[in-house]
Structures are given as structure tokens and as C-alpha cells.
Amino acid sequence: MQIVHSKPKQPLTLLQRKLGNAWAKHAIEHNADDLGWWTLRIKDLALDVGFDSNNRQYLKESAEALMRIVFEWDVIATSPKRPWKASVMFPEVEIHADVIRYQISSQLRQLIVKPEIYALIDMNVVRRFRRASSLAIWEFCVRFEKIGHTAEVPWEDFRDMILGETAEARTYQEYKYFKAKVLKPAIVEINAASNLSIELVETKVGKRVAALRFQLVKKETPQGEAADDGRALEMIGELVRLGLMQSEARRLVKAHALDELQAALDYTRRRMADTRAGKLDNPAAYFRHAVQHRYAMPDGVAEARPAPPVPRLDLREAWLAGQHGEAERYFKELDPEDQSALMERYNAQAVAALRLKKKPTKAAETAFRRWLVMDTWGEPSAQDLLEFAGRMLAARG
């Protein structure tokens, strides 16, 4: 399992680690072409790693950086006669309109494409991590889950495996800082978000910590939990492809019956395919309306309500202003990465004076909330305005 125990010569970002896992997983499950290239749809890659597929520049920068990182591998082998090997894992990467193509180092290819040597990574777990160090430690631990404990590694070597050799920075010269800033937060996230429960075990020489390992327990999969159900995961993927943020898709799957979501998804797809009605500019918003107002329901559940016509402008403006608070609540429920993606997308179309910065102006915040309302729900329906007008009248009465 040489490649399992690799050491990068510089730190890997969270996205770079997720990309590496997704490419390795794809290489295990699919054959390369005659020239040694693997091809993966960017939408599928985005779903695997929980990445906004529209942010191509960030994807390009992360892939380019990953191409430059050299890995030293077989780093915890005990034999003093082992050969020293180092390599760039992904030496060639291309990004086209809707696909990404990559090659794997000739030194490492035979190790990666054999699942019995390169342990399979569960991408459903990988996409949950929000810290690169958490993902790195989980990757190390998951290789030993059948044994129940990891190999013991000198803590300095383990630090470099997790953070890269530039972790020789003074901040982590002492174990207590590495433990407080890296190990403890990572263990908390792994135990909360992954399929493993891990416990740190320290080996001391006198009072000094010399090495560490982890005790592992694989968690039981809760029966009936929507997030772990294969059909639910498939639905999350379909909603992400439609244009919803992944954290929003997970929340909808937990809040609604899958048959109800499927009916709304089918309803949206029929509208997308209806050429007589014109192009549907925001399928995700149309889907949200279909779910909220029950325009389409499974047979025998409820009578679907027809989608009403476009509302009048004055009431529309009042409705948009009234939705600002709802947009803010929606935004706060998203994962940090999804929030960042939305802000980047807003800034890309906003005029300079209204862009979000570290300390945004009130005008920028208001403009962002207004944009978020339209991006999330689209044009309000007549039913939306009718209900809104009713609430306004009730409040005045």
C-alpha cells in the first residue's frame, strides 16, 4: 500500500485532496483510453467533491497546483533497504468545455488502479469534510479500518504526511501546537462527519510524545436514514445537476418524501422540454416553486395545482423586498463552500460598487439579498403574490 502512505512536498488544499481522491476513484472504476488518459465529466466531478462546477477558474487553479506537487511515497515502510521514490501523481491535466482529462504517473498507475492496493475511498464521506487536515487523517485511518488501529508513526513524520513538508514552520515544531491546532479539530470533524470513530493514542518517551496512532471503530449505518440511502443520494445528485447547491439538496431530501421530490423533478423536466413555452431560464427556481406549492405530487397523495401566470410588477416588487429575510435564512443554512460559491457568482455580475467585500456596504448587502431572492426562487408566481397580499392585508387589519 505504498501510495496510501505518501508525503506531499507542500500542503494540499481541501479541494486538491478531494480532486485527487475523485480522480483515483474514477481511474479504479474506468479504463484509460489508448493514450493513457482518463476522462470525467465536470458535472460528475463537482458532485463527487461537492464543488460548484461553474467556478472553472478555481477548478483550473487547483488542478494546476496539484500537477506541481511531488509526493514521496512508501514513507512509513520499516525496511531500511526500501527504494526511495517520488513522483508527481497527476502529471497531465486538460479541461475542455464540459470534461476534465488527466493522466496518472507511470510509477503510480499500477498502484492506483488496483483497489486491493489503493483502498477505495467513499466519496459520499469525502465531500462532507471542510478541513483538508481532517480529510488527510481520515484517508490515513480508513486504510486500517479492518484492523481496528493504524500503524504507529513518529509524530513529525505524520505531521508532514498530513500537512506537507513545509509544516516545518515554527508553528508546528512542537507537538502541543500540532495537537491543538490540527489533530483535535480534525478528530472532532472525523467523528462527526465520517463513517469512522477514531481515538488518538500517543506513545511517549519519558514525558515527550514520540509517536502516535489511532484506534478505529467503524460506525453502524443507521437504518432508514435518508442521507445514507442509495436512492436519496441519487436524488441529491439529480438536484445538484439541476442547479441546486448540494447542502440545499441534502436538506430537501431530509425534509420531503423522495416520491414528492421526484414528482417535482419530473414536472420541472417536462417544463424544460416544452419548446412551446419558451426556454426555462432558472430550472432550480422552478423546481423550488413546484415543491413549495405542490404543483406536482405522486399519484394518490394530493391534487397538483397548476402553475399560475406571471404576476403584476408593483406587487412583485413588494414581494421581492419581503423575501429578503427568507433569502438571508436560506443563505445561512448553506455550507460555507456553497455560500462562497454564491457570493463569487454574485460578484461576477455585480457592478463594482455593489460587490461583496470583507466589509460590504449596506447597499451591497441589500443588492446581494435581492439577487439571491431571484436566483433562488426566480419570478414570483401569482399564487406567491396572492398569499403575500393576503398576509399584508391581515397585518393591516
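Take ASP122: with every protein chain present and a 1.4 Å probe, its accessible area is about 60 Å².
Amide hydrogen proximity for ALA211: with H placed 1.01 Å from N in the peptide plane, the residues at 5 or more positions away or on another chain lying under 5 Å are TRP155, THR203.
Fully extending the segment from LYS181 to GLU152 would add 8.4 nm, taking 0.36 nm per residue of separation and subtracting the current Cα-Cα distance. Exceedance of the 19 Å cut-off in Cα-Cα distance is limited, within the set LYS18/LYS179; LYS43/LYS279; LYS332/LYS357; LYS146/LYS218, to LYS18/LYS179; LYS43/LYS279. For the set MET67, MET123, solvent exposure ranked by accessible area (probe 1.4 Å, protein chains only) runs largest to smallest as MET67, MET123. Close amide H contacts of VAL88 (hydrogens built in the peptide plane, cut-off under 5 Å, sequence separation of 5 or more or a different chain): PHE71. Approximating the spin labels as points 7 Å out from Cα along Cα→Cβ, the ARG241-to-LEU258 distance works out to 1.6 nm. The Cβ shell under 14 Å around THR150 holds other residues with a net charge of -2, Lys and Arg each +1, Asp and Glu each -1.
Phi angles across the range 193-202 convert, under the Karplus curve 6.51 cos²θ - 1.76 cosθ + 1.60 with θ = phi - 60°, into 3J(HN,Hα) values of 10, 10, 8, 10, 10, 10, 9, 6, 10, 9 Hz, Gly and Pro given as x. Accessible area of HIS26 (1.4 Å probe, protein heavy atoms only, ligands and nucleic acids ignored): about 20 Å².
Counted residue by residue at 0.36 nm each, then reduced by the alpha carbon distance between them, the extension gain from GLU344 to ARG130 reaches 75.2 nm.
Shape class of the range 312-362 from the alpha-carbon gyration tensor: oblate, with a/c at 1.5 or above and b/c at least as large as a/b.
The values are calculated or read from the model by the stated rules, or taken from the named source; none is laboratory data. Since the model is a prediction, treat every value here as computed from it, not as a measurement. Cβ atoms come from the backbone with ideal geometry, glycine included; neighbour counts cover every protein chain shown. To get the accessible areas, we keep the full protein, side chains included, count just its heavy atoms, and leave off ligands, DNA and RNA. Shrake-Rupley method; radii C 1.70, N 1.55, O 1.52, S 1.80 Å.
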